[in-house]
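Colleague: Below is a structure I'd like to ask you about.
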Amino acid sequence: MPVHWFPGHMHKALKEMKEVLGQVDVLIEVLDARIPYSSENPEIAKIRGDKPCIKIFNKSDLADPDVTVLWQAHLEEDRAVQTFTTSIDDTAKTKSIIDLIRKICIRKNASIKTINAMIIGIPNVGKSTLINTLANRVIAKTGNEPAVTKNQQRVNLGSGIVLIDTPGVLWPKLENPNTGYRLGVSGAVKDSALEYDDIGFYAADYLIKTYPELMKARYKLDELPNTELEFLEMAAVKRGAVMAGGRVNLHKICELLIAEYRSGKIGRISLETPQMLIKEKIEIEQAVVKKIEDKAKRKRQFKEGSLTPDKRDKKEIRTKKRLETSARAKAKNKKHNGT
Ligand code: G4P
């Protein structure tokens, strides 16, 4: 796992959010457009009830626009959710979030005077940049540690809207190991907490398979190799990440690959799609079932004793023969019946 979680922070942050949620009219969740699932707070959907929620796809300038459209449709299947794309270079669009907040809240309660909007997001997602744009001034950054005594920062946006800012906290989705890697690649995690070999290899594998043309163009390669290691070696040679004695400096090339991905130099690239997440969910469920079955088998063997290796071989041969005979009989019957 390339990311180190801080369960204490998470519990404290969640407690603080729950305490203030009663006063909140609308929830604004800032997502990283490249990883809308991995950057989403898995707990908030459980506690927000039917409160309206605006999911901001920030850093949309870095994400694959076709994939972003798929994600927006997917998340808007929840009727309480409205999505909105933003990026640092389009402040006019970001400012229009204020109109959206007002529209959503007035639709729910026409006589509302002051709108309380709670804003949440993982570290480095661009929450402070967004708040500064909405407030039209530089607001002191909320620390990324939940307060010991609850005091979320309140920012008056004018026109009757108050933003309740919360600390940026990472929420683990431990059941899906890919989310840790994607958070690492995107830059949600401080570099000091990262294992570069892990995320560099993960990124290389994903990028050469999913965005081969962009990778060929960026690293000036006519063809891409089959494995991430071969790719990293080829890219390292192109970029001079080679040590004395002609050995490839894998750490350096991994660092460079991640930096170029994060800055958008390779192109607009998303790290996950709704389809991928469905597939991963099925694989995870199958792995869980297999683990339970293996455990039950082990327990049975433990209780009853398992066959010695030679007996097991003989049993496997008998089973194989039985299956072959039965398959042959079935085929013969089919032929005989003309089906
Ligand atoms: P946070 O409060 O959620 O922790 O994030 P913050 O606003 O501080 O933004 C984190 C980094 O992301 C900043 O870069 C910021 O400029 C960048 N950023 C914010 N919004 C966008 C966006 O829409 N597109 C792009 N491309 N970048 C965005 P930084 O100060 O250089 O930090 P770092 O990149 O070195 O971490």
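The values are calculated or read from the model by the stated rules, or taken from the named source; none is laboratory data. What you are looking at is a predicted structure, and each value in this text was computed from that prediction instead of being measured. FYI the Cβ positions are ideal-geometry reconstructions off the backbone, even for glycines, and counts take in every protein chain you see. Ligands, DNA and RNA are excluded from the accessible area calculation, which covers all protein heavy atoms including side chains. Shrake-Rupley method; radii C 1.70, N 1.55, O 1.52, S 1.80 Å.
Colleague: For the chain, build the charge dipole from Cβ charges (+1 Lys, Arg; -1 Asp, Glu) around the Cα centre, then report which of N136, F231, G264 sits farthest towards its positive end.
Modeller: Ranked along the dipole, the leading option is F231.
Colleague: To continue, here is another question. Evaluate the distance, in nm, between pseudo-label points positioned 7 Å from the Cα of S306 and of L221 along their respective Cα→Cβ axes.
Modeller: With each label placed 7 Å out from Cα toward Cβ, I get 4.1 nm.
Colleague: Using DSSP to define loop residues, name the trypsin sites (Lys or Arg not before Pro) in the stretch 213-317 whose beta-carbon has at most 12 other beta-carbon atoms within 10 Å.
Modeller: K220, R247, K265
Colleague: Return, ordered by residue number, the residues of the stretch 24-67 whose backbone nitrogen is under 12 Å from a label point located 7 Å along Cα→Cβ of V162.
Modeller: The answer is 24-25, whose backbone nitrogens lie closer than 12 Å to the label point.
Colleague: Counting other C-beta atoms within 10 Å, and keeping those with at most 11, which DSSP coil trypsin sites (Lys or Arg not before Pro) do you find in the stretch 46-83?
Modeller: R79
Colleague: Can you sort F231, F6 by solvent-accessible area, 1.4 Å probe, largest first?
Modeller: In descending accessible area the options line up as F6, F231.
Colleague: Per residue, what volume in Å³ does the Cα convex hull of the chain take up?
Modeller: 260
Colleague: On average over all directions, what projected area in square nanometres does the stretch 1-150 have, based on the convex hull of its Cα atoms?
Modeller: Mean projected area for the stretch 1-150: 9.8 nm², to one decimal.
Colleague: Moving to a separate point now. Put a dot 7 Å past each Cα toward the Cβ at K279 and I139; how far apart are the dots in nm?
Modeller: Simple spin-label model gives 4.0 nm for this pair.
Colleague: For the chain, find the longest principal axis of its Cα atoms and tell me its angle to the long axis of helix 250-262, 0 to 90°, nearest 10.
Modeller: Long axis of 250-262 versus the principal axis of the chain: about 50 degrees.
Colleague: Do the sum for the chain: with -39,500 (n - 2.57) for every DSSP H run of n ≥ 4, divided by all residues, what is the mean residue ellipticity at 222 nm, to the nearest 500 deg cm²/dmol?
Modeller: Theoretical 222 nm ellipticity from helices: -16500 deg cm²/dmol.
Colleague: Work out the length of the dipole vector of the chain about its Cα centre, built from +1 on the beta-carbon of each Lys and Arg and -1 on the beta-carbon of each Asp and Glu, and round it to the nearest 20 debye.
Modeller: Around 1760 debye, computed over the chain.
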